[in-house]
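Novice: Okay, handing you the structure first.
Please treat every number below as a calculation from the coordinates, not as lab data. Every value quoted in this text rests on a predicted model; they were computed, and no experiment measured them. Backbone-built Cβ (ideal geometry, glycine too); neighbour counts: all protein chains shown.
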Amino acid sequence: EPEVTQTPSHQVTQMGQEVILRCVPISNHLYFYWYRQILGQKVEFLVSFYNNEISEKSEIFDDQFSVERPDGSNFTLKIRSTKLEDSAMYFCASSSGTNTGELFFGEGSRLTVL
Amino acid sequence: EDQVTQSPEALRLQEGESSSLNCSYTVSGLRGLFWYRQDPGKGPEFLFTLYSAGEEKEKERLKATLTKKESFLHITAPKPEDSATYLCAVPGLSTLGRLYFGRGTQLTVWP
């Protein structure tokens, strides 16, 4: 069964460092997303990406964040200068677009900022 | 303001003891309500889409229903493997795939 894969599964970094989280969405999907979940909190939308550009971003997705689809398979989230409050589980998701709310999530990348 | 409120926060059931989880929403012009399951340390897994009041969807021991103000996830004769956090979500107004999730109900089913 097709799945969304994410790497790394866990990353520990120092405050102020740049991190890149990587995702391989399901191959025939056209819509890509990043969500995050701070421990014990809701799953929150960060950004959606379609046709090689950002469709929408939340207020969380400030200038420290960027996304890129560098080739036909990868989708990345970059945080330029990490803060303590960026510590969270980051989920990549993709969808075919035929069902508004049917997203396929990866297993997540846990980011710990020290 | 929260668009989705789920209750209870946590629920413990004995195996075979049926119950229901609640999701109430405040959005107008609902364009769908979605249920997901999330296992510890994993990403959400899609379960159901409901679009209109009166609609029902079933999958194994789970049945989701929708009214004009809330949705219920009924669990019939649950098993320990049904233990998970169940999330409901509604879409945003603009972008396909932007979902607003509730905090979830953490279900534990003990043998």
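Novice: Where both residues lie in the protein assembly as shown, what percent of DSSP beta bridges are antiparallel, nearest 5?
Specialist: 90
Novice: If each residue of separation counts as 0.36 nm, what is the full-extension length gain between A:Gln41 and A:Asp63 once their alpha-carbon separation is subtracted?
Specialist: 5.6 nm
Novice: A further question on this structure: To check my understanding: the extent here is largest minus smallest coordinate of the Cα atoms along each principal axis. What are those three numbers for the protein assembly as shown, in Å, largest first?
Specialist: Per principal axis, max minus min of the Cα coordinates gives 49, 37, 36 Å.
Novice: Of the lysine pairs in region B:4-110, how many meet both conditions: Cα atoms under 23 Å apart, and a spacing of 8 or more in sequence or different chains?
Specialist: So the count of such lysine pairs works out to 10.
Novice: Right, here's the next one. Report the Cα centroid-to-centroid distance between region B:8-48 and region B:54-102 in angstrom, as an integer.
Specialist: Each part reduced to its Cα centre gives a spacing of 5 Å.
Novice: Taking 0.36 nm per residue of separation and subtracting the Cα-Cα distance, what length does fully extending A:Thr7 through A:Asp71 add?
Specialist: 21.4 nm
Novice: Between B:Ser7 and A:Thr112, what FRET efficiency follows from the Cβ-Cβ distance if R0 is 30 Å, with the result rounded to 0.05?
Specialist: 0.45
Novice: Still on this structure: Once the convex hull of the C-alpha atoms of region A:22-67 is built, how many Å³ does it hold per residue, rounded to a whole number? Mind dumping the intermediate values first?
Specialist: On the way: hull volume 4.4 nm³, N = 46.
Hull volume normalised by residue count: 96 Å³.
Novice: Can you give the translational diffusion coefficient of chain A in µm²/s, computed by Stokes-Einstein from the Kirkwood radius over Cα pairs at 10 °C and 1.306 mPa s?
Specialist: 113
Novice: Follow-up question, since we're still on this one. For region A:5-113, what relative contact order do you get, as a whole percent, if you take Cα pairs closer than 8 Å and at least 6 residues apart? Please report the intermediate quantities before stating the final value.
Specialist: On the way: 252 pairs, mean separation 41.8, N = 109.
It rounds to 38 percent for region A:5-113.
Novice: Next question, about the same structure. Which number comes out as Rg/Rh for chain B once both Rg and the Kirkwood Rh are worked out on C-alpha atoms? Can you show the working numbers first?
Specialist: On the way: Rg = 13.4 Å, Rh = 14.0 Å.
With Rg and the Kirkwood Rh in hand, the quotient comes to 0.96.
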